[in-house]
Structure formats: C-alpha cells, structure tokens
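Participant: Input: one structure, supplied below.
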Amino acid sequence: MATRMVLVPGFWLGAWAWDEVADNLRARGNEVQALTLPGLDPADPDRLSATLAAQAQAIIDAVPAGETAVLVAHSGGAAPAYLATDRAPDRFHRAIYVDSAPIPNGYIIDATRADAGPEWPLPDWPELEAAGNSLVGLDEAALARFRERAVSEPTTIASGPLELSDSPARWSIPTTVICNSITTEEVEKLRDSGQVPAFTELTHLTADYLDLPTGHWPMWSEPNQLADLLHTLTNP
C-alpha cells in the first residue's frame, strides 16, 4: 500500500525544491505531493498578504477528508506544518521535521522583519550563513538554481506569531526530527535547556531524532539519503 506524503518547503521555496526527493520516493511506490505554500507563488498578485493560517489550511487541504498522510516540513515550513497538525490532527499519522522542529505558541520566526517592508528577499550567502543556515554540500549549480528560483518571503509569514490551540491532540502524532546542520545531541540539549524557544515544544512530544550530517538544505545536498530516510521511516 502506497504511503501518502505531503512535503512542505522552507522559506523562499516552492514545490520545486523537493523535486529530486519526491521523484525518488515516487519511484518506491509512495504517493507524494510537494506544496508551494500561499505567499510563495510568484504568479499570485495577492501573495504578500498570505498568513500562517492560510498556509496551514493549504497543507490540510492537501490530504483528502477521511484519509491521512505523513507530513514532512523543512526549515521555516515547520511553522505552518505544525499549525496544520494542531488544526487537523486527524489528517496526519506522522510528522517529520527536516532541520527544523515544531515550534511553540506565539513564536515568531523573525520579528525584525515587521518593519522591513512587505517582503523578505533571499539574503546573500554570507548573511544567510551568519544567521545559522549552513550551505554545506551545495555546489555552484545548486546555489545558482536557489538564487534564480527563490521567491521573496512575505513579511506576514516571517513576522507573524504562530497561534496554536490549547488542544494536546497534536502532541500525540508520532514525530521525527531529522538533524542536518546541527546534531541530534545538540537538538536534545537545546530542547532540555528550555532556553531556546524554537525547541521547547519538543518537550511535549515523544519524538525520535536522526542524524543526516550535511547543510541546511539536505533535499539538494543529500537528496537520495534524505529520501531513503523518509521512505524507511514511513514504510517500516
């Protein structure tokens, strides 16, 4: 029986970012849908008014009513993905976070963007790395494709607070964190310290942690290894 997967990309990216991984997974019999979230379609004239709620609804809508899927979220895509599991926990039987993690209520990805205009273009490479986004494993061709196809992120997404419900249902979804640019040991320390808000939500979940050492964009630097992990996790 095919496993249904919904792949959510991070900031500045559309469904295209998952092409290699998605093709690999489909070749193994999985049913895969990669998403371009609201706000990231350059042809949409209203894209800069997108919200995290609208993105979460698009994720929910990707799963037919009465069915379930594995939800895979990369980087900034973790915010709307986790919101989707909060609003429709019955649609997802597993959640996998790639170099990211489920984030807590009220969390803002980058509050400094609120006064920086309506959109956030892809930064230059040194700025991106200085913010903690490792480019390890990306060759010049990958970087050029990233630069060419990147779509500026709406400020409404980058600086909007995540608004979760009080329901604990989302915590019961089996969860895996695939650690790329930081190790599982580092993630567990950040989780347990309680001092880094981006990781505190993990204290509510029984999550597995797996290492896939590479940079922040493993779908390009290690697409086959990432696909192997996703397939193995969802087809035991």
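Participant: Looking only at region 1-17, count every residue that is outside any strand (DSSP E or B) and within 12 Å of the chain's Cα centre (by Cα) and tell me the total.
Facilitator: 8
Participant: In addition: Among (1) open to solvent by 50 Å² or more (accessible area, probe 1.4 Å); (2) under 25 Å from residue 215 (Cβ atoms); (3) of a type in the set (Ser, Thr, Tyr), which single condition is residue 51 missing?
Facilitator: (2)
Participant: In contact with a helix residue (DSSP H, G or I) (Cβ under 7 Å, 6 or more places away or on another chain), part of a helix (DSSP H, G or I) and surrounded by 22 or more Cβ atoms within 10 Å (Cβ to Cβ): is that true of residue 80 in this structure?
Facilitator: In short, yes.
Participant: Restricting to region 43-83, give me the number of residues that are more than 19 Å from residue 11 (Cβ to Cβ), touching a Phe, Trp or Tyr at 6+ places or on another chain (Cβ under 9 Å) and touching a residue at least 60 places away in the same chain (Cβ under 8 Å).
Facilitator: The number of residues fulfilling the criteria is 3.
Participant: Which of (1) more than 17 Å from the chain's Cα centre (by Cα); (2) buried (at least 23 other Cβ atoms within 10 Å of the Cβ) does residue 153 not meet, given it meets every other one?
Facilitator: Evaluating residue 153 over (1) more than 17 Å from the chain's Cα centre (by Cα); (2) buried (at least 23 other Cβ atoms within 10 Å of the Cβ) leaves (1) as the failure.
Participant: A follow-up question, please. Output the residue which, of all residues in region 167-183 that are under 29 Å from residue 88 (Cβ atoms) and without any contact (Cβ under 8 Å) to a residue 40 or more places away in the chain, is surrounded by the fewest Cβ atoms within 10 Å (Cβ to Cβ).
Facilitator: Ranking the candidates gives 168 first.
Participant: Being of a type in the set (A, V, I, L, M, F, W, C) and part of a loop (DSSP other than H, G, I, E, B) is the filter here; which residues of region 18-60 pass it?
Facilitator: Listed by number, the residues that qualify are 35, 37, 40, 43, 50.
Participant: Determine whether residue 63 is assigned to a loop (DSSP other than H, G, I, E, B), open to solvent by less than 40 Å² (accessible area, probe 1.4 Å), of a type outside the set (Lys, Arg) and at pLDDT 95 or above. Spell out the reasoning first.
Facilitator: On the way: assigned to a loop (DSSP other than H, G, I, E, B): yes; open to solvent by less than 40 Å² (accessible area, probe 1.4 Å): yes; of a type outside the set (Lys, Arg): yes; at pLDDT 95 or above: yes.
Considered against the rule, which asks whether it is assigned to a loop (DSSP other than H, G, I, E, B), open to solvent by less than 40 Å² (accessible area, probe 1.4 Å), of a type outside the set (Lys, Arg) and at pLDDT 95 or above, residue 63 comes out as yes.
Participant: Residues in region 184-214 that are open to solvent by 40 Å² or more (accessible area, probe 1.4 Å), in contact (Cβ under 8 Å) with a residue 24 or more places away in the chain, assigned to a loop (DSSP other than H, G, I, E, B) and farther than 15 Å from residue 97 by Cβ: how many?
Facilitator: Here the count works out to 1.
The values are calculated or read from the model by the stated rules, or taken from the named source; none is laboratory data. These numbers come from a predicted model, not from an experiment. Ideal geometry is used to build each Cβ from the backbone, glycine not excepted, and the neighbour counts take in all protein chains shown. SASA here: full protein model, heavy atoms, side chains in, ligands and nucleic acids out. Shrake-Rupley method; radii C 1.70, N 1.55, O 1.52, S 1.80 Å.
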